[in-house]
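**Student:** Mind having a look at this structure? Questions to follow.
The values are calculated or read from the model by the stated rules, or taken from the named source; none is laboratory data. Nothing here was measured: the structure is a model prediction, and the numbers come from that model. A quick note on method: Cβ atoms are made from the backbone with ideal geometry, for glycine too, and the neighbour counts reach across all protein chains shown.
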């Protein structure tokens, strides 16, 4: 290494040693992208990821199918009787559905059924404990966009954070950078839910009425999620040392380790999306805090 | 020459695989980029398939450390950058976390590599150990800042210990060719 390049690489070294300060000064959010250039290496690797997922799934299914074959006859009998019960219940539900539909029309609610939704399969996940994410097999070519809400039959999963041509990454509800505007179903108290590794946390005023087992639902006010989607249930309440607020631990309804399919809701609000993309997710919590005074 | 000798080898033959020279320093930048993508793929796609929380094996860090010792500075930086961006884009890690951690590690090795004899076990061992510990400590510090000490569960520490141990073990396995008495000096002149 000659003198000139030595000086150059020492300068680079100093720059790299100073780079953590730039990093800590940033918002420390994950990459959000839908550009092909930004996701170039992911686009290259995706076909192999898809192939790997398909292969492992086929092998896994074959094994489980073979093992479960002996149980099929028993299961069939059990399911037939269950089906009879469910068909009876269905008649009752149809009636109730019509009633709900009438009430919603009366109240002027926007019906979720009217919205378009995209069903996607989970093809990969990272098990890196603090920063877990899920990859699904639908992307830009399927009209998936950054910011779209993702749910399962059990409740909220997260939001689309990156979109490739044929894949997307989900920012999960339990991620520390995830914020969601919520309502306590019983008392209608509003708050902002924050991810915390394997659960979520809401900080509320100490006077807010809340108890263990309370259900948390989406408020539908901001962030693209329709109102009333189940999020989780309260499992622990602890008072903060400031004697003003209480910290509420929420266990999500969705079991993130066992998700196989998800539904992406096209409740996309382009105006809000633009604001979120430029101002960051913190903007939501700031707005809520401001509103609470 | 017999007819058997003239028969062309199929592309999957062991000889062809050996000729591929799969390793952290294949001699061609294009190959090195493909290999680092393969390594990132193994770490971020194949390992999580096994659905074991404790199965956290770090193969990217030792791979990059060998690259930093073996390659010229610009190539090592490019490969480190590609690895970091690929890992970051596959998870919800704060943007720049791996980029910075790997950039610093690569630059420090580039500065000190010519002063060490890499035909001994100790420099390799210390490099892998310090690099993996540095990466895990940096991630832990970021977590501490963003979430507080509650994140540091037993599972989290076990994952980190396994990552360090696997990083060192895999690194030493890759660098075995330079540890022999007649092995070539790995640092480029």
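**Student:** Please go through segment A:6-45 and pick out each residue that is more than 8 Å from chain B (Cβ to nearest Cβ) and farther than 28 Å from residue A:163 by Cα.
**Tutor:** Selection gives A:6, A:7, A:8, A:11, A:14, A:15, A:18, A:21.
**Student:** Can you go through B:57, B:82 and tell me which one is at pLDDT 90 or above and under 27 Å from residue A:16 (Cβ atoms)?
**Tutor:** None of the others qualify; the one that does is B:82.
**Student:** Scanning segment A:157-174 for residues that are in contact (Cβ under 8 Å) with a residue 60 or more places away in the chain and under 20 Å from residue A:233 (Cβ atoms), which turns out nearest to the other protein chains (Cβ to nearest Cβ)?
**Tutor:** A:172
**Student:** Still on this structure, please answer the following. Hey, residue B:122 hits all of (1) part of a helix (DSSP H, G or I); (2) more than 14 Å from chain A (Cβ to nearest Cβ); (3) surrounded by fewer than 22 Cβ atoms within 10 Å (Cβ to Cβ); (4) in contact with a helix residue (DSSP H, G or I) (Cβ under 7 Å, 6 or more places away or on another chain) but one; which does it fall short on?
**Tutor:** So residue B:122 meets the others, but not (4).
**Student:** For residue A:50, indicate whether it is within 28 Å of residue B:93 (Cα to Cα), within 31 Å of the chain's Cα centre (by Cα) and without any contact (Cβ under 8 Å) to a residue 60 or more places away in the chain. Give the derivation first.
**Tutor:** Numbers: within 28 Å of residue B:93 (Cα to Cα): yes; within 31 Å of the chain's Cα centre (by Cα): yes; without any contact (Cβ under 8 Å) to a residue 60 or more places away in the chain: no.
No; evaluated as a whole, the condition is false for this residue.
**Student:** Right, here's the next one. Restricting attention to segment A:118-156, which residues are assigned to a strand (DSSP E or B), buried (at least 17 other Cβ atoms within 10 Å of the Cβ) and away from chain B (no Cβ under 14 Å)? Lay out the reasoning, then the answer.
**Tutor:** Taking segment A:118-156 first, the residues assigned to a strand (DSSP E or B) are A:118-125, A:133-136, A:149-151, A:156.
Those left that are additionally buried (at least 17 other Cβ atoms within 10 Å of the Cβ): A:118, A:120, A:122-125, A:133-136, A:149-151, A:156.
Result: A:118, A:120, A:149, A:151, A:156.
**Student:** Let me ask something else. Return the residue satisfying two criteria in turn: it lies in segment B:73-115 and is free of Cβ contacts under 8 Å to residues at least 60 places away in the same chain and more than 23 Å from residue A:41 (Cα to Cα), and of such residues it is farthest from the other protein chains (Cβ to nearest Cβ). So that I can check it myself, show each step before the final result.
**Tutor:** Taking segment B:73-115 first, the residues free of Cβ contacts under 8 Å to residues at least 60 places away in the same chain are B:73-112, B:115.
Add one more test, that the residue is more than 23 Å from residue A:41 (Cα to Cα), and what stays is B:107-112, B:115.
On the way: B:107: 4, B:108: 7, B:109: 10, B:110: 6, B:111: 6, B:112: 10, B:115: 12 Å.
If we take residues in segment B:73-115 being free of Cβ contacts under 8 Å to residues at least 60 places away in the same chain and more than 23 Å from residue A:41 (Cα to Cα), then B:115 is farthest from the other protein chains (Cβ to nearest Cβ).
**Student:** Could you say which residue among A:64, A:19 is on the phi < 0 side of the Ramachandran plot, out of contact with any strand residue (DSSP E or B) (no Cβ under 7 Å at 6 or more places or on another chain) and either surrounded by 11 or more Cβ atoms within 10 Å (Cβ to Cβ) or outside any helix (DSSP H, G or I) (or both)?
**Tutor:** Going through A:64, A:19 in turn, the sole match is A:19.
**Student:** Touching a helix residue (DSSP H, G or I) at 6+ places or on another chain (Cβ under 9 Å) and more than 30 Å from residue B:139 (Cα to Cα): which single residue out of A:75, A:87 fits that description?
**Tutor:** Values: A:87 fails: touching a helix residue (DSSP H, G or I) at 6+ places or on another chain (Cβ under 9 Å).
Of the residues listed, the single one that is touching a helix residue (DSSP H, G or I) at 6+ places or on another chain (Cβ under 9 Å) and more than 30 Å from residue B:139 (Cα to Cα) is A:75.
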